[in-house]
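The structure under discussion appears below in the form of structure tokens.
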2 protein chains.
Amino acid sequence: MPLDLIPVPTTASAACCSPAPGPTMDATDAERTARTLKALADPARLRLLSIIAAHDGGEACVCDLTEPVGLTQPTVSHHLKVLAEAGFVTREKRGVWAYYTLVPDAVRALTAHLGAHLLDGPGA
Amino acid sequence: MPLDLIPVPTTASAACCSPAPGPTMDATDAERTARTLKALADPARLRLLSIIAAHDGGEACVCDLTEPVGLTQPTVSHHLKVLAEAGFVTREKRGVWAYYTLVPDAVRALTAHLGAHLLDGPGA
DNA sequence: CCGAGGCATCGACGGATGTCGATGTTGACA
DNA sequence: TGTCAACATCGACATCCGTCGATGCCTCGG
């Protein structure tokens, strides 16, 4: 595109609309990070993770979780599935019970990723 | 409800359904944290924050943000409002332009809060 | 005083999400 | 083998959320 076709802002008094000095988060990364954050952005799921983390060994079965959060068993199962798909917990079936275990590295990876892009960003 | 009406699990072979050893995140805190996380759990808002953080001084005006994210101006304005209400950015109007500034402490507070409840939880 | 431009708000629409009851699946035990 | 219990899946519903076009507000320049 010819540069002389771009209208020069003759009345632009101050310096505004600079393109973006440093590199920013690309669309793919933003989508992945947003999906991971969505898994955490729910009161029930936060409480479930907190209860699991409070248990010895960082694991708990569904029957430990249904009553404290005040939701039905299918709903709790659904939330645990969301957390598992996001990588925050792993599922292990022992006999009749299903034990969910916290994955601390998933939490650490998320917080580190946010910090890298928003705090110690390459542009700062 | 009379306790003797509760059927005793005579066949409960293993130890399951323990109440919860350590203290967990209460409902109010979970709701507040979830609301803050929801503000971040969107690809457009993550990119907006990233672009703002990449600018010098951690501030940018709306005209800097509309084109990179590929959304209309009203949509960008809406996302910025969500981010401002969650405390991640502050708005300052200079002349005709509105400058949004990143609040790093908001990001740090969130990640620290998550870590405190899910990693170095009081029960671990 | 009037026009232009940057930004916020409004109203509406489609899609995603949380919740439930009902049902299926699977393992333990008699 | 049949029954019970724990958990997952399904279908349905209400609600929330992201997006847009249209419009209003406010500031600057003429």
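The values are calculated or read from the model by the stated rules, or taken from the named source; none is laboratory data. Values in this document were obtained by computation on a predicted structure and should not be read as measured data. Positions of Cβ are generated from backbone atoms using ideal geometry, with glycine treated the same way; all protein chains shown enter the neighbour counts. These area figures cover heavy atoms from the full protein model, side chains too; ligands, DNA and RNA do not enter into them. Shrake-Rupley method; radii C 1.70, N 1.55, O 1.52, S 1.80 Å.
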Please find, within the stretch A:93-124, the residue that is nearest to B:A30 (Cα to Cα) out of those that are open to solvent by 80 Å² or more (accessible area, probe 1.4 Å) and within 16 Å of DNA strand C (Cβ to nearest atom). A:K93
Just the residues that are open to solvent by 70 Å² or more (accessible area, probe 1.4 Å) and away from chain A (no Cβ under 13 Å), please, taken from the stretch B:67-89. B:T72, B:P74, B:H78, B:K81, B:E85
Residue match in the stretch A:73-82 (condition: near DNA strand D (Cβ under 9 Å from one of its atoms) and within 24 Å of B:T111 (Cα to Cα)): yes
Looking at B:D64, B:D56, B:D42, can you tell me which residue is acidic (D, E), surrounded by 19 or more Cβ atoms within 10 Å (Cβ to Cβ), facing another protein chain (nearest Cβ under 8 Å) and out of contact with any Lys or Arg (no Cβ under 9 Å at 6 or more places or on another chain)? B:D64
